[in-house]
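The values are calculated or read from the model by the stated rules, or taken from the named source; none is laboratory data. Given the structure is predicted, the values throughout are model-derived calculations rather than measurements. Cβ placement follows ideal geometry from the backbone for every residue including glycine, while neighbour counts extend to all protein chains displayed. When the accessible area is computed, the model is the full protein with side chains, heavy atoms only, and any ligands, DNA or RNA have been set aside. Shrake-Rupley method; radii C 1.70, N 1.55, O 1.52, S 1.80 Å.
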Amino acid sequence: MKYYAVIDTNVFVSALLKEGSAPWQILREALDGCIIPLLNQDILTEYGEVLLRAKFGFSKSSIAEIISELPKRALFIDAKDTKELFPDPDDAVFYEVVMQAKETHDAYLVTGNLKHFPAKPFVVTPREMLEIIQNDTP
C-alpha cells in the first residue's frame, strides 16, 4: 500500500542526526518505500535551506541526494489557504499542502512537533506513521 505524506523538515533533521530512528525510517520510506512525499516548491526550498545550516553539519552530498531524489518520488501539490494560525508561520505550508491533498487522497502530515499543528488524526509523529504502515501490512 502507498501512503501520501507531507513530511515536516524536523523529521529530516532528526533522520540525519540518528540513523535507524523512526524519522530515519520515514526518510527511507519516502526515498524508496511506500510513502509518496507530498511537496511544493516552498517545502522543497525549506528542506534545502534548513538541512544546509552549518549548525547541523550535514554533508552537502547527503542533502543534495535528498533534495534531488525526493521530487522524483513526490506528488507536487499547491498549498490551500486554510486561514489557520500557526506558532511558526513557516509551518503553514506543510498543513496547507496536506489539506489540499486530502481533497483527493488519504494523506498525512508527519512531524516531530505535533504542538505546531492543529490536533487532527492525520497529523502524526514519525513513529505513529510507521505504526499506520505496519498495521496495514498483511
On average over all directions, what projected area in square nanometres does region 63-127 have, based on the convex hull of its Cα atoms? 5.2
Taking the alpha-carbon distance from Lys60 and a cut-off under 13 Å, which aspartates and glutamates remain once sequence neighbours fewer than 8 residues away in the same chain are dropped? Glu49
If you count only protein heavy atoms with a 1.4 Å probe, what accessible area per residue comes out for the chain, rounded to a whole Å²? 53
Quote the relative contact order of the chain in percent (integer), defining contacts as alpha-carbon pairs under 8 Å separated by 6+ residues. 31
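Leaving ligands, DNA and RNA out of it, rank Met1, Met99 by accessible area with a 1.4 Å probe, largest first.
Met1, Met99
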Estimated inter-spin distance, Phe56 and Leu75, nm [label 7 Å along Cα→Cβ]: 2.5
Magnitude of the charge dipole, the chain, Cβ model with Lys/Arg +1 and Asp/Glu -1, debye to 20: 280
Report, to one decimal in Å, the Kirkwood hydrodynamic radius for the chain based on all distinct Cα pairs. 14.9
Per principal axis, descending, Cα span of region 1-70 in whole Å: 37, 28, 18
Any lysines with Cα under 22 Å of the Lys102 Cα? List them, leaving off those in the same chain fewer than 8 positions away. Lys2, Lys72, Lys80, Lys83, Lys115, Lys120
Report the accessible area of Phe117, computed with a 1.4 Å probe over the heavy atoms of all protein chains in place, in Å² rounded to the nearest 10. 10
Of the candidates Leu44, Val110, Phe76, the farthest towards the positive dipole end of region 1-121 (Lys/Arg Cβ +1, Asp/Glu Cβ -1, centred on the Cα centre) is Val110
